[in-house]
Amino acid sequence: MKILSITAGAGGMYCGSCLRDNTLATELISLGHDVILMPAYTPTLTDESNVSQNKVLFGGISVYLQQKLPFFRKTPWWLDRLWDSSWVIKAATHFSVSTDPSQLGELTTGMLEGEDGAQRKEFLKLLQWLEDHPAPDIINLPNSLLIGLARPIKETWNRPVCCTLQGEDLFLDGLQKPYHDQALDLIRQNIEWVDGFIAVSDYYAQYMSDYLHIPQEKMHVVPLGIHTDGFEPPPGREADHFTVGYLARIAPEKGLHNLCKAYRLLRKRDDLPSLRLEVAGYMASEHQDYMLGVERQLREWGLEEEFRYHGVLNRQEKIEFLQRVDVLSVPSPYKEPKGLYLFEAMACGVPVVQPRHGAFPEIIEKTGGGILVDANDTESLAEGIASLAKDRTLARRIGQQGADGVRAHYEARQMAQRALEVYETICRRNVGEATPE
């Protein structure tokens, strides 16, 4: 099968969606399929071998300039190449770039307006690129925020288009009015141009069907998968202290502040071993004040010496981090559709403690690798962690179940095989399409 998969770059951030798209493309290629992984906005950053193209569609600098300054909507294409090149975009991402949806409403709706929006020139560039390349069997969009691409692609190539759904509701809900309502309306208007939607969990399939008014017959589920090579439990994890770990973006919606409150409750108990709180993950500039607030609160509680923030970790550093912690918890108040960090932790034999909402129940129930606690309940979270700190045998058993469960249900090869099933189904349903190779 010949597949064009567009992936939305996230600048200099390790993005779960980018990692997922790259892993899927890598596996499809290994299965013998012809895959072009094409970045949009910025080049992608991955912690594995990056199989994406060097070219970037809808260069982030051009998109932004054309939205803010009408002059750039008329500049010649040859001049645009100066700031559309991958190396210029990469250089620009070293500077602080806000991804705060409250500041990006106009840009979001502009992109969703497609050829009628401020980025019309970028859509014309896309059409030329499409015309210069042979049509694939199927095209995959990375999220519904880029659904404006569906119509021009469909009209140019007359090939089936599918759209992956992997957490964009958080961004959409962060848009200020009137952009929030406008964005939803524009997405819903473009659903007819999409032949199938792929959600990354059962929870998200149902949620997004309701949220975006997607017909059930267009919805499919392709669970996440990871390459587990290297994510191995350490030979022995016994220590005279119990380490609580957090590995995710530093942002309010990920719940680090909730974990810190639960940690304070744990420290007040006298039936637990000595504790440590280890944290790692990307922090955007707009969340630095949030992190400062977390650190200030820990300092006021007298716990700052037991806390360490490791910053952004590459793949090997991430594995070493997970092999040092005894439990992982990312108590997100947001109902997460995926939670890639759970698979990585469980693959290393680390039990997880997560809120009972979003995709967490289906992941933990399928793997057996963690404990579910009441959502947004600090005491319940603390009790869940304490149950593992008090009983190392239980922690080891749950950790081993998680390591086995991830390999049984969430390997990258399984994700690729399921994606192929969905692609083939969409192709067969697409009226007038030839059967893909």
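Since every read-out is calculated from the coordinates, none of them should be taken as a lab result. All values reported here derive from a predicted model rather than from experimental measurement. Every residue, glycine as well, gets a Cβ built from its backbone with ideal geometry; the counts of neighbours run over all protein chains shown.
Here are the numbers for this structure:
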| quantity | calculated |
| --- | --- |
| Gap separating the Cα centres of segment 279-296 and segment 191-236, nearest whole Å | 29 Å |
| HN-Hα J in Hz across segment 204-213 - Karplus 6.51, -1.76, 1.60, θ = phi - 60°, x for Gly and Pro | 6, 4, 5, 4, 6, 4, 6, 5, 9, 6 |
| Burial ranking of peptide ranges 46-56, 146-156 (average Cβ count within 10 Å, highest at the top) | 146-156, 46-56 |
| Diffusion constant of the chain at 10 °C, which comes from Stokes-Einstein with the Kirkwood Cα-pair radius and 1.306 mPa s, µm²/s | 70 µm²/s |
| Positive-pole candidate from T393, M291, A262, dipole of segment 241-410, charges at beta carbon | T393 |
| Of K125/K154; K261/K390; K121/K218; K338/K366; K55/K218; K268/K318, pairs whose Cα-Cα distance is over 22 Å | K121/K218; K55/K218; K268/K318 |
| Estimated FRET transfer efficiency when R0 is 60 angstrom, pair K68-L303 (beta carbons, to 0.05) | 0.85 |
| Alpha-carbon radius of gyration plus Dmax, which is the widest Cα pair, for segment 128-180 in Å | 13.8, 41 |
| Reach of K177 by Cα under 16 Å, taken over aspartates and glutamates that are not fewer than 8 positions away in the same chain | D100, E106, D169, D185 |
| Using alpha-carbon coordinates, inclination of helix 179-190 to the longest axis of the chain, degrees | 60 degrees |
| On Cα atoms only, tilt of 392-409 relative to the major axis of the chain in degrees | 20 degrees |
| Dipole magnitude of segment 241-410 about its Cα centre (Cβ charges: Lys, Arg +1; Asp, Glu -1), debye to nearest 20 | 300 debye |
| Sequence ranges 62-75, 219-232, ranked by mean other-Cβ count within 10 angstrom, highest first | 219-232, 62-75 |
| Proximal charge balance of R73 [Cβ under 10 Å; K/R count +1, D/E count -1] | +2 |
| Pair I29, K55: separation of 7 Å Cα→Cβ label points (nm) | 1.7 nm |
| Cβ-placed point charges (K, R +1; D, E -1), dipole of the chain about Cα centre in debye, nearest 20 | 440 debye |
